[in-house]
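Please read the structure below before turning to the comments.
Read-outs: derived from the displayed coordinates by stated rules, not from any lab. Just so you know, these numbers come straight off a predicted model, no measurement behind them. Glycine also receives a Cβ, built like all others from the backbone with ideal geometry; neighbour counts cover every protein chain displayed.
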Amino acid sequence: MGEGFATRACDGREFECLAETLGWTDVVLLDLRSANTQGDERALLSLIGEITSSSPHPPVVVLCDAEDRNIPLRATEQGATDHLTHPPNVMELGLILRRAHRLHTAEEELRKLRAGTRSPGRFHEMIGTSGPMQELFALARKIAPCDVNVLITGETGTGKELLARAIHHFSSRAKGPLVAFSCANLPETLVEDELFGHEKGAFTGALASRRGRLDAANHGTLFLDEIGDLGIALQPKLLRMIQERKFERLGSNDTTSVDIRLICATHQKLVEMVDQGKFRQDLYYRLNVVQMHLPPLRERRDDIPLLAQEFLQKSAQLFKKRARRFSQQALHALEEYQWPGNVRELENIVQRAVALCEEQTADLSHLPASLRKGNESVSVPYGCEPLGPPRTYEEEIRLFKRGLVLRTLREYGWRKAESARALGVARGYLHRLINQLEIHEHEGDSPVGLDKHPPLGPVM
């Protein structure tokens, strides 16, 4: 069934044979239609539990009749990853099996990480198996032991502070303190007091001396978030501290020496700020000894299943909920969303889903409306769609083809040759489908609803 993975189709009477092959089977496709009596049905559902209780075990996808809506629910409760109705469309079946395998791989990766197994997918508290994150982790491991200043760039919510903590954790200063401070949206006088501290009587209300963040970070690491918001008048004082490792508190003429490593982060483009005169060029060069860029979540979508499963398991434990996994429809919606808030937004949405979920599987209905839009029609297997306005046969066929081709192109990074092989069609035919269905390059990379698609019509 699959290019790149092994499947096993069987019924309940072949469990002994199946058990011997679970070690090399990537996905089990279980046909529940072979149940002729309620006893057979219970046996098949029990079989799912037997498969998923073994360790390690492959994911289970069940095939059932469209008329019986209760079977998929009971199968999911026994541990099935997904279901589809008979007769299955071969191309959609391939996509569902691949997605089940990907989700199960993410769960296994998390299990290994929690067991303490060394994994390239984890760097301290950060998780990522995508190419950009692996390159970032490799660079971080190289520079962590070296006492150099680091500038971390990236959008809000990408995990810049987590990366700073990871670098500190693997540095020679790991036994020292890590002190974090954000320069964002604070008056310059308050930032100066927070960083450098003050002496008694330095200003009205200064009733006692106060150590600043620089003192607190001595022999450790100081992490300055949103360094681009640091006032232009305060930048020379920070520059002198970096150069000489000395500073004066407010209201004092005495010089204080510190031994710190400086890690800064910003979502702004400091080079442009230098050109505009908003950021000192000499300070920028001092901070930018090693620059590390955290990619936004929409550019590392391969990490979404792994991150979502991690957040789900943490939230379930925190809220004492039964949730163990996401449904394929919910996972597809998470993968297709644009994520303007990046990893932080993903964590918040997963927490919401777990809080609303009363079963073992968090479904599409537990996600916010902004994620459900455009996924309810194309992601739910045929035969289990919610009721909606009636469509003609030609409209249904076009809608299904468009969703299937779009998802496949998105899954294979818009590489036409690989997408054609996955769909089992010639590359030339795929190009014709793209033109006929009016699919635009990278259209699937944003949460576009079906209502924004071109008008439906027959496909010739």
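Once amide H atoms are built 1.01 Å from N in the peptide plane, which residues 5 or more positions from Thr221, or in another chain, come under 5 Å H to H?
For Thr221, the qualifying residues are Leu178, Val179, Arg261.
Show me 284-296, 196-208, 88-100 ranked by packing, highest mean number of other Cβ atoms within 10 Å first.
The packing order, highest mean first, is 88-100, 284-296, 196-208.
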